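A short reminder: the numbers here are calculations on the coordinates, not readings from a lab. This structure is a prediction, so every number in the text was calculated from the model and none was measured. Neighbour counts run over all protein chains shown; Cβ positions are idealised from the backbone, glycine included.
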Amino acid sequence: MKSGILTNAGKNYITQCVLENKGLDVKELVLAYIPNLNESAVRDPNETIPTSNIVHRRNIDKNGFIDNNTVAWGVVLEEYVGDFDYNWVGLVTDNGTLLALDYIPIQRKRAGVNNVHNRSFVLQFAAAAEIAQINIPAQSWMFDYSPRLTAHEKILVANTLSSIKSNTRYVNQLFKGDI
């Protein structure tokens, strides 16, 4: 389900970049916490960066294309980054234009071992890869967690079944008087 939007200022920025035949220079991802923000609310294309609510800004680490019409920018919030909550994400260009924004469920980023957030912002519009002048496949840096999650799920199911079988044997022996 797509929910993030290009802002009107972002659309104007893209138009200007096309006219000047230069790529999109997306500089940073801005994270903000906006109290009482409803992640299901309609996004306002005239919205600006909520400067008083910014909790973290991070320069873009990677960019890539998913297909001709879809591009992505990503950041890694390392384990030493935090502590803050965020529910608003904005993609900002080198000249400070809010290109796109999204509302998300509240995310808690706490500093500490094994608390790393990978945050990507994906945009889809006609000829996105060409306009953005991005020629690196996003798959080269986007990490697919699904095989790891599937393996963990299989282990969990196997352990749970083993425990159930063991408990069933114990209960059967208990009722037979073998214990």
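Taking the longest Cα principal axis of the chain as reference, the axis of helix 146-176 is set at about 20 degrees. Each of residue 113 and residue 156 was given a label point 7 Å from its Cα along the Cα-to-Cβ line. The distance between the two points is 2.3 nm. Over segment 5-140, Cα pairs under 8 Å with separation of 6+ residues give a relative contact order of 34 percent. Shown for the chain: lysine pairs separated by 8 or more places, or found on different chains, whose C-alpha atoms are under 20 Å apart, numbering 7. Globularity index of segment 10-113 is 1.13 (Cα radius of gyration / 2.2 N^0.38 Å, N = number of residues). With θ taken as phi - 60° and the Karplus curve 6.51 cos²θ - 1.76 cosθ + 1.60 applied, the whole-hertz 3J(HN,Hα) list for segment 114-124 is 6, 10, 10, 10, 9, 10, 10, 10, 10, 10, 10 Hz, x standing for glycine and proline. In the chain, the longest principal axis of the Cα atoms and the axis of helix 8-19 are about 60 degrees apart. Volume per residue for the chain equals 170 cubic angstrom (convex hull of Cα atoms).
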